[in-house]
Amino acid sequence: MSIHYPKSPGSTDRITLPALALGACAAYYLGSIAGLQMRVPPATTSVLWPPNALLTAALLLTAPRRWPAILLAILPVHVFIQLQTEFPLPLILALYVTNCSEALVAAAGMYWLSDERTRFDTLPRLQIFFLAAVLAAPLLSSFGDAAAVTWFRGEPYWQVWQRRSLSNILSELTIVPAIVSGVLGVLRWWRGARGGRYLEAAILGLGLCAISLLNFSGVPWTIPAISAVSQRTPLALQLPFLLWAAVRFGPTGTGLALLTTSVLSAWALVHGVGPFASIAPAITVTALTISLIVVSVTLLYLATLIEERRQAQHDLRIRLRFEELLARLSADLVRLPSEEMTRAFESWLGRLAAVLGIDCLTVFSASEGALLHTVYSWTDVHAGGVLAACPPDHLKWARRSLASREPVVISDDDDDPAQAEPAPTAQSVAFRAGGAIPLVGDGELLGALAFASIREPQWSDNLVTNTALVSEVLASAMRRKRSEDALRHSEIMKSAILQSLTSGVAVIDRSGRLLQINDRWMHFANGSPWMKAPLGSNLLERCWAAFEVGDRVAGDIVAGVGAVLEGSRSQFIVEHRTDTDVAAGWWALNAVPLNRPEGGAVLTCADITELRRAEMDAERSRQELAHVSRVSTVGEMTASLAHQLNQPLAAIMTNAQAGTRILNSARPDVDEVRAILVDIVKDDRRASDVIQRLRDLLRKGELEMTKVNVAAAIRDVVDLVSSEALIRNITVSLQFGEEPVCVRGDRVQLQQVILNLLHNAMDALRDSTDSVCRVEIGCRRNEQQHVIVTVHDSGPGLRPGSEESIFEPFYTTKANGMGLGLSIARSILEAHGGEIRAANDSIRGARFEFFLPAIAGRVDR
């Protein structure tokens with residue numbers, strides 16, 4: 001927390017150091033003159049020695065950093081006064097040291113032990129004053145003082161120590177509270193007191209002085225009863241006035257009354273007047289001093305107890321009033337709409353500030369970038385000065401509190417470590433104290449509450465605590481306002497976005513009741529009557545009604561959307577084709593859960609006609625391209641295909657000629673002719689199979705998804721290229737069994753993939769110098785129920801880094817290649833739910849593998 005608490009009211013820290021030193025010297029000089037007048041010769045010590053107590057009071061009223069300057073300043077004054085006595089210079093310097101040590105011990109003890117060194121209005125503070133200033137400081141310093149007097153003047157050590165201790169205890173007890181409280185408290189009390197208090201204080205002071213002078217003049221002694229009381233109890237006549245001061249004016253009035261009584265009593269004792277005229281001063285000094293000490297301690301305790309109780313009652317009244325106003329402010333902020341929040345500020349914030357002793361208050365809201373905007377500003381019209389709508393100091397303090405995220409409380413501009421603002425003008429005033437508290441809600445900076453005092457402030461920790469409570473209420477209200485504004489803006493934005501969507505959107509609750517729709521949804525409703533549901537009606541019930549009259553899609557929607565509402569499905573998508581007189585159309589309905597505690601779903605209806613037409617066009621183009629690729633591949637295999645057809649045709653010709661010769665013989669061999677006819681049939685079937693395979697491979701039509709035995713399809717392709725492999729001196733080996741390995745797909749397109757991979761493998765072996773070139777084809781089913789087909793050649797392998805790029809369109813390493821074969825193969829496999837990859841073998845050559853989902857059962861073909 002960045003806090004610079006206000007100094008005690010009337011603090012001397014704002015007075016220049018020369019003025020402080022001059023004032024301390026004047027007080028020390030006058031106190032020394034008075035103290036010397038109250039010394040009973042030939043004793044060195046006085047009955048009441050004010051300089052030490054005055055020096056203690058001066059140190060308590062100033063900051064510790066100024067203490068050395070004040071102590072040095074009184075040195076010449078001390079020497080000047082003491083030289084007028086018969087004391088030698090060394091004794092004078094020794095007495096200066098002991099006087100300063102007493103003041104330092106008292107002031108330092110109060111500074112370190114008391115929470116407020118200049119106040120005596122609570123029992124803990126008063127007890128610390130008794131311990132540090134009244135007992136410890138005089139008793140400790142008297143040891144050195146008595147030693148110096150004994151050394152230079154020969155007086156008994158313990159007698160000097162006793163007299164000096166009692167004298168300084170009485171001085172500290174009566175002078176320090178009177179001076180400190182008088183400087184800091186009387187002016188404040190005088191400014192805030194009513195006329196009756198002025199009169200009462202004047203009567204008390206005059207009465208005390210009059211009864212004391214009358215008592216010491218000897219006039220009351222003419223009355224025997226009063227004479228007896230005055231001789232045995234010297235302070236009996238002053239006691240009613242001292243009690244009056246304790247009860248009505250607290251520690252400040254009590255200190256002043258005790259100081260007056262002590263000075264007059266000491267003067268009467270030294271000069272032998274009043275009740276002390278018939279008694280030797282040496283006998284009565286100790287008795288009077290002890291009496292005054294006992295009376296002073298008792299009255300100060302009594303005054304402090306009364307003042308503490310009075311202050312507690314006052315704080316309780318202030319607290320109750322504060323809590324009442326804070327509760328009313330909270331109730332208004334909760335009740336009123338966010339746009340009328342200023343009405344609550346106008347009704348209660350000013351009253352709260354007045355109860356807390358604040359003269360000016362400003363509420364800021366923070367936007368993005370920590371920009372502050374004034375929400376409300378209040379100024380006490382009785383505070384004085386002219387204030388702007390938003391004082392610059394308030395803005396400065398608010399920025400500092402937001403930057404540190406902690407309260408900032410400053411006593412005055414001189415203490416403010418921030419850069420000084422320009423001098424006050426007609427639009428601003430100089431504040432005696434002020435600060436700001438950040439308004440934080442859920443970790444977010446919402447704004448700041450700035451406050452200030454034009455008059456002399458009377459602030460404490462309670463002020464910061466109470467102001468923090470106000471800030472919490474304001475932060476809660478501003479968070480609610482920001483949430484409501486954001487919600488209102490969100491509703492407007494959501495409605496605008498909803499209407500701007502090209503898709504139809506409907507929001508339903510957990511039961512299916514329609515919460516919100518956009519105009520596009522109603523556009524789609526023209527083709528589906530069940531979608532024409534008004535807001536508040538149940539969309540699922542209308543779908544069910546449509547299903548009961550034969551709308552199958554409506555039934556699917558009821559089941560799917562119901563599953564989404566129940567949480568058993570995270571998404572539901574249904575597509576539907578509608579045929580009109582003009583053309584066919586497609587639309588898709590998507591349902592996802594509505595992210596809110598109450599549940600619900602968001603339905604999106606989109607027109608996908610163009611998408612489906614584009615997909616159909618793309619599929620036709622891919623099939624055309626694949627067909628062209630197959631035709632091109634078969635064209636490259638013309639020589640090998642001619643060789644495959646030429647063999648069975650030549651065999652048929654030879655067998656037919658041989659059969660003719662046998663039949664033309666005199667005795668034809670019927671069995672031999674029968675065997676020749678069997679061979680002719682076999683050769684004819686061989687040629688027919690080659691032609692059928694070519695026809696199947698070159699077939700052009702729609703995609704036909706059937707159960708395909710991949711192993712059988714591979715054998716057909718290998719048989720088709722066997723002649724070309726023989727011409728190229730390439731051995732093609734199959735590494736799989738006879739059992740069927742089935743997938744669901746188009747047989748022709750899968751054979752095209754195998755043919756493309758096999759043809760590429762054979763091309764890779766074209767420039768091989770090995771005596772034996774090999775291509776191995778494997779087919780198996782793995783544990784993940786995938787069919788894996790592998791084509792491995794013994795060629796030079798793939799270029800490094802080309803494992804992925806070879807599947808890109810128009811990428812080729814062949815001189816006359818188009819770069820479409822592997823791209824078409826990958827698209828075919830992806831359409832079948834598979835994938836393909838390539839890599840160089842660890843020993844030699846390249847290895848191509850493709851995966852397809854396996855199925856079980858009988859092969860359709």
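The values are calculated or read from the model by the stated rules, or taken from the named source; none is laboratory data. Computed from a predicted structure; not experimentally measured. Cβ atoms come from the backbone with ideal geometry, glycine included; neighbour counts cover every protein chain shown. For accessibility, only protein heavy atoms count, side chains too; no ligands or nucleic acids. Shrake-Rupley method; radii C 1.70, N 1.55, O 1.52, S 1.80 Å.
With the whole protein complex present, Cys209 retains an accessible surface near 50 Å², based on a 1.4 Å probe.
Computed with a 1.4 Å probe on the full set of protein chains, the accessible area for Ile855 sits at about 40 Å². Highest mean first, the peptides 358-367, 506-515 sorted by other C-beta atoms within 10 Å per residue fall in the order 358-367, 506-515.
In loop segments of the stretch 327-382 as defined by DSSP, the GluC sites (Glu not before Pro) with at most 10 further C-beta atoms inside 10 Å of their C-beta are Glu368. Over the C-alpha atoms of the stretch 699-768, the Rg to Rh ratio, Rh being the Kirkwood estimate, stands at 1.02. Counting only heavy atoms of the protein chains and using a 1.4 Å probe, Lys481 has close to 70 Å² of accessible surface. Here the Karplus relation 6.51 cos²θ - 1.76 cosθ + 1.60, evaluated at θ = phi - 60°, turns the backbone of the stretch 58-70 into coupling constants of 5, 5, 5, 7, 10, 6, x, 5, 9, 4, x, 5, 5 Hz, with x for every Gly and Pro. Treating each Cα of the stretch 118-161 as an identical point scatterer and summing with the Debye formula, the log10 of I(q)/I(0) at q = 0.21, 0.33 Å⁻¹ comes to -0.65, -1.02.
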